[in-house]
1. Which residue out of Leu118, Leu110, Leu126, Leu93 is under 12 Å from the mean Cα position of the chain (by Cα), among the aliphatic types (A, V, I, L, M) and crowded, with 19+ Cβ neighbours inside 10 Å?
2. Can you tell me which residue within segment 107-121, out of those that are at pLDDT 95 or above and among the hydroxyl-bearing types (Ser, Thr, Tyr), is nearest to Lys13 (Cα to Cα)?
3. Report yes if Arg80 is under 18 Å from His43 (Cβ atoms) and surrounded by fewer than 15 Cβ atoms within 10 Å (Cβ to Cβ), otherwise no.
Amino acid sequence: VIGAILALFITHKPITMGVFIGLIMLGGIAVNNAIILVDRINHLRRKEEDTLVETSLNGGEILRKEPLKAVLQAGGDRLRPILMTSLTTILGLLPMALDRSEGSSLWSPLAITVIGGLAASTILTLFIVPALYVIFEDVKKLIRLTNGA
């Protein structure tokens, strides 16, 4: 949302119904990119030779592989698909964003919203999501240690 608002501010576009439609589109694409990355991290943590997957008492899986190793590998593995998804969407929306014809008052803000938001969310997906994953795994580990002690 920050990237979308910044893009609208830079281009001096008003907030219209197209902006809200663009935010809905943006949410779907951004969440999809994050899911692709987190799914790959979890897959790598289950797949590796040194991963021991056990079932805990409540039925959840305990992943033993270090999350940092899986995060780094998944980031490299999924960098290209995430960038390609974002860049093709941005390039596909550029003609709509740059359109100055009649009727562009709805479509231009929509495209600018998605372009700005997608640029920001791609960066956040590639850097913030992996960092949060490692932090949450450390917190879960700490909770397990304090409950077990």
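1. When all the criteria are applied, what remains is Leu118.
2. Thr113
3. Answer is yes for this residue.
For (1) in a loop (DSSP other than H, G, I, E, B); (2) in contact with a Gly (Cβ under 8 Å, 6 or more places away or on another chain); (3) modelled with pLDDT of 60 or more, each residue gets a yes or a no:
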site: Val38; (1), (2), (3): no, no, yes
site: His43; (1), (2), (3): no, no, yes
site: Arg46; (1), (2), (3): no, no, yes
site: Asp50; (1), (2), (3): yes, no, no
site: Ile62; (1), (2), (3): no, no, no
site: Ala70; (1), (2), (3): no, no, yes
site: Ala74; (1), (2), (3): no, no, yes
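The values are calculated or read from the model by the stated rules, or taken from the named source; none is laboratory data. This one's a predicted model, so the numbers in the text were calculated from it and none came from an experiment. Glycine gets a Cβ as well: all are built from the backbone with ideal geometry, and neighbour counts include every protein chain shown.
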